[in-house]
Structures are given as structure tokens and as C-alpha cells.
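Read through the structure below, which is laid out as C-alpha cells, and then see the notes.
Laboratory data are not the source of any read-out in this text; all were calculated from the coordinates shown. Nothing here was measured: the structure is a model prediction, and the numbers come from that model. Here the Cβ is made from the backbone with ideal geometry for all residues, glycine too, and neighbour counts use every protein chain on show.
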Amino acid sequence: MITVTLSAIRQLKALIVDHPEDPIVRITAKDLNEERVAFSITLEATPQTDDEVQHIDDLAVAIEARSAPRMDGVTLDYLEPDGFKFLHPQSADDGKLRIINLN
């Protein structure tokens, strides 16, 4: 599943404090083309029935079922001033990380 850094956890918890009616962090991934993926982070009241839910440091993270296989090895981070970023292993061969901006 996904890894969430302490910085991202703190930021997500701060957002939930502002929106207590939506305590679930839901993440989806959608192919834009063969090389690009768009990630979405939303706060929701409850997870969808087929979501895979992971509890990380008292934070409920729901991954859309279709997106779940793609989240293995992905790290969600938060950096000032850039905001949330998804770090994804580029390939098993080079061990480098590819940064995917959330726009």
C-alpha cells in the first residue's frame, strides 16, 4: 500500500480539523496517457464500499479499489511551499524515485 510521511500526515490532519465532517482521506489514481498519472486527494465522510482502507497514525486513508494496485511503493509527502507530492519508484532497476506533483 501507500506510505505517508509525517509531514503529509500532519498536513492532512490539519485539513481534517478544518473539515471534521470529512475525516477520511481518499486517494485515487487515473491514467492521463501511457506516461502520466493524475492523483487525487479528497476528504470524504466515509470510504466507498470497495476502497482499501489503511490506518496510519490515527489517519484513515482510503485507496480507490482500481487505484490500489498502483499505490504499492508510492509515498505521499508534503513539502512547503510545493504542497503534496507523490513519490513513485521509477523502476526496480535504478532504484530512483520519480516525483509526481499533485496539480
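Between the Cα long axis of helix 6-18 and the first principal axis of the chain there is an angle of about 40°, rounded to the nearest 10. Rounded to the nearest 20, the size of the Cβ-charge dipole of the stretch 3-101 about its Cα centre is 180 debye, with Lys and Arg at +1 and Asp and Glu at -1. Could you list which residues have their amide H under 5 Å from that of residue 56, counting only those 5 or more apart in sequence or on another chain, with H placed in the peptide plane? Here 61 satisfy the definition. Within the chain, antiparallel bridges make up roughly 80 percent of the DSSP beta bridges whose residues both belong there. Say the dipole of the chain comes from +1 at the beta carbon of Lys and Arg and -1 at that of Asp and Glu; which of 53, 40, 88 then lies farthest toward its positive end? Farthest towards the positive end: 88.
Over the chain, the fraction of Cα-Cα pairs per 10 Å bin, rounded to whole percents and listed from the shortest bin up, is 15, 49, 31, 5, 0.
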